[in-house]
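Below is one structure, written out as structure tokens; the observations come after it.
Each value in this text was obtained by applying a stated rule to the coordinates, not by laboratory testing. Worth saying up front: this structure is predicted, and the values here are computed from it rather than measured. Heads up, the Cβs are rebuilt from the backbone with ideal geometry, glycines too, and the neighbour counts pull from every protein chain shown.
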């Protein structure tokens, strides 16, 4: 998408320069050339403002045997589903859809 915007900006800038060079004192051509140059600059500025898209994939590697069990809310005891659990900044956070409670899931020591 940015490539198309940059190509359009180059085209508008070129046309603006053509109008300015060929103006020969005609004020209307000068105005059109300036408008085209400003439009080209605005397109470049807007393309640079658009944030680049970055995809972050988080994976959890589990060591040893893993037994699947139901996850229940600490506050109301409701069974939580996969939409209730999120991994943010390397920590597991739980948000209960039933009571609205939110907390960080902590792993208990294995000893």
### Message
At 7 Å along Cα-to-Cβ for each site, give me the label-to-label distance between residue 1 and residue 86 in nm.
### Response
2.3 nm
### Query
Mean separation of Cα pairs under 8 Å and 6+ residues apart, divided by the residue count of segment 2-49: what relative contact order is that in percent?
49 percent
### Summary
Among (1) 1.14; (2) 1.18; (3) 1.47, the entry matching Rg/Rh (Cα atoms, Kirkwood Rh) as calculated here is (3)
### Query
How far is helix 2-21 tilted, in degrees, relative to the longest principal axis of the Cα atoms in the chain, given as a value from 0 to 90 rounded to the nearest 10?
20 degrees
### Message
As an exercise, take the mean of 1/r over every pair of distinct alpha carbons in segment 2-49, invert it, and state the Kirkwood radius in angstroms.
### Response
10.7 Å
### Task
Note the per residue figure in Å³ for the convex hull of the C-alpha positions in segment 72-111.
82 Å³
### Query
Label points 7 Å out from Cα along the Cβ direction at residue 39 and residue 71: separation in nm?
5.3 nm
### Query
Label points 7 Å out from Cα along the Cβ direction at residue 61 and residue 14: separation in nm?
5.1 nm
### Task
May I ask for the angle, rounded to the nearest 10°, between helix 27-49 and the longest principal axis of the chain, with both axes built from Cα atoms and the value confined to 0 to 90°?
20 degrees
### Query
In whole percent, what relative contact order does the chain give with Cα contacts below 8 Å and a gap of six or more residues?
16 percent
